[in-house]
Amino acid sequence: MTLQDLIDMKAAALEKARNAENAEALEGVRIEYLARKGLLPKVMQELKNVSPEEKPMFGKTVNDFKNELAERIKTKQAEFAASGTSAGAGFDLTQPGQWQGLGTRHPITQITDRITRIFQTLGFTVADGPDIETVWNNFDALNTPADHPSRDEQDTFYLNNGDLMRCHTSPVQVRYMMEHKPPVRIISPGRCYRRDTPDATHSANFHQVEGLYVDENVSLADLKGTLSYFARELMGPNVKIRFRPHFFPFTEPSVEVDFTCHVCNGKGCRVCKNSGWIEILGAGMVDPNVFQSVGYDSSKVTGFAFGMGIERITMILYGIHDIRNLYENDVRFLSQF
Ligand code: DAH
């Protein structure tokens, strides 16, 4: 056997190992060359017949041959085992699978759905509007004149084309009334944007639910009845609500609505700052100017509207102290809900 024969043999062996299509074929190559009765031990025996000058080179080539082939077979066996190409090679079909934990719905989504469902049982339907709004829908039509502080660039994000990021969900009222005749009964959850510096209770992007009910003879008593029902469904049968006079441009009269504190049931505690009450939402009777903007006849119809912050309600219900927890998407936080 010449050195060249040996080199050719090595090339052929490595080629066979490379082309082996499964673990069995690979094992065949190993037996052919490396096993005790394989070709390589036979070549070793040839060594004694090789001339003294050629012997060192021949010996080194045989050794390299053995090592390289063994290495290639080992790597390839590992590949087969990992890919499961061969059922025999390290792939145990009886092993239990890896449990991929189920995700949970975000607390904001859960509370939004709960609020929406409560109003749906009263016959409200869900209406939607875009995050990018016209100044008219977001302000003018809602009786909010150009000199109103909330129109300041300090408070609202304006776009270069003169539109804005809606700072409340109230423009959905406008859109809906422009397209539908009364009676109207809608609920509209969605994102809002304000130029607030983020802290424990503020976020530049948050969520509200808007409500609107317009028909003949809708009164403040209807508003109170509706919100009492809502409060009981959300917080439990013992909750009470109260109206406090307030001002919103789009309602007259306007109120802020408090619920009895869910922690102390109205007795007074740290959470409600000893008042027994927690402010939950804003509401009121739709201002006739709003009806005029959307083409409703305010001598025929009346209505109530309300708006509430979903983050605030979520934080109250779950005892969350920092609004930023709701946006960091830390699964250790989210998986608790
Ligand atoms: N848009 C108000 C806000 O962002 C919330 C609100 C108050 C909505 C009274 C209403 C309402 O529809 O009648 O603070």
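The values are calculated or read from the model by the stated rules, or taken from the named source; none is laboratory data. Computed from a prediction, not measured in an experiment: that's the story for all the values here. Please note: Cβ atoms are built from the backbone with ideal geometry, for glycine as well, and neighbour counts cover all protein chains shown. The protein model used for the area step is the full one, side chains on, heavy atoms only, and it has no ligands, DNA or RNA in it. Shrake-Rupley method; radii C 1.70, N 1.55, O 1.52, S 1.80 Å.
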### Task
Please give the per residue volume of the convex hull enclosing the alpha carbon atoms of the stretch 107-334, rounded to a whole number of Å³.
130 Å³
### Query
Top mean-square fluctuation among 15, 233, 256, Gaussian network model of the chain, C-alpha springs under 10 Å?
15
#### Entry: For the stretch 268-292 versus the stretch 163-222, the gap between their alpha-carbon centres in whole angstrom
15 Å
### Summary
For residue 207, the residues 5 or more places away or on another chain with a placed amide H closer than 5 Å to its own amide H are 192, 310, 311
### Task
Have a look at 31, 320, 310 and tell me which one the Gaussian network model of the chain (Cα, springs below 10 Å) gives the largest fluctuation.
31
### Task
Please give the net charge around residue 336, taking every other residue with its beta carbon less than 15 angstrom from that of residue 336, where Lys and Arg add +1 and Asp and Glu add -1.
-1
### Å² per residue, accessible surface of the chain at 1.4 Å
56 Å²
### Summary
Excluding ligands, DNA and RNA, the carbon-plus-sulfur percentage of the accessible area of the chain with a 1.4 Å probe reads 51 percent
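Would you mind calculating the relative contact order of the stretch 107-334 from Cα pairs under 8 angstrom and at least 6 residues apart, reporting the percent as a whole number? Provide the component values of the computation, followed by the final result.
On the way: 436 pairs, mean separation 48.7, N = 228.
Relative CO of the stretch 107-334 lands at 21 percent.
May I ask you to list, by number, the DSSP H helices of the chain whose Cα span along the axis is at least 18 Å and whose average Kyte-Doolittle hydropathy reaches -1.0 or more?
Details: long enough: 3-19 (24 Å, -0.28); 55-83 (42 Å, -0.78); 107-120 (19 Å, -0.17); 220-235 (22 Å, 0.31).
Qualifying helices, which must be both long enough and hydrophobic enough, are 3-19, 55-83, 107-120, 220-235.
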#### Entry: For the chain, cysteines whose Cβ has no other cysteine Cβ within reach (under 4.7 Å)
167, 192
### Query
Given H placed 1.01 Å from N in the peptide plane, which residues other than close sequence neighbours of residue 280 have an amide H under 5 Å from its amide H?
257, 258, 259
### Message
I'd like the antiparallel share, as a percent to the nearest 5, of DSSP beta bridges with both residues in the chain.
### Response
95 percent
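How far, in nm, would the chain grow between residue 334 and residue 126 when pulled straight, counting 0.36 nm per residue and subtracting the alpha carbon separation? Provide the component values of the computation, followed by the final result.
Numbers: separation 208, 0.36 × 208 = 74.88 nm, distance 2.62 nm.
Fully extending the segment from residue 334 to residue 126 adds 72.3 nm.
Rank these by accessible area, largest first, 1.4 Å probe: 311, 21, 32.
Numbers: 311 5, 21 150, 32 70 Å².
Per-residue accessible area, sorted high to low, gives 21, 32, 311.
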### With at most 13 neighbouring Cβ atoms within 10 Å, loop trypsin sites (Lys or Arg not before Pro) (DSSP) excluded, longest segment of the chain
106-266
### Task
Could you tell me which chymotrypsin sites (Phe, Trp or Tyr not before Pro) in the stretch 113-207 are loop residues by DSSP with no more than 16 other beta carbons within 10 angstrom of their beta carbon?
157
## Note on the structure
Of the stretch 104-135, those with amide N under 12 Å from the point 7 Å along the Cα→Cβ vector of residue 158 are 135
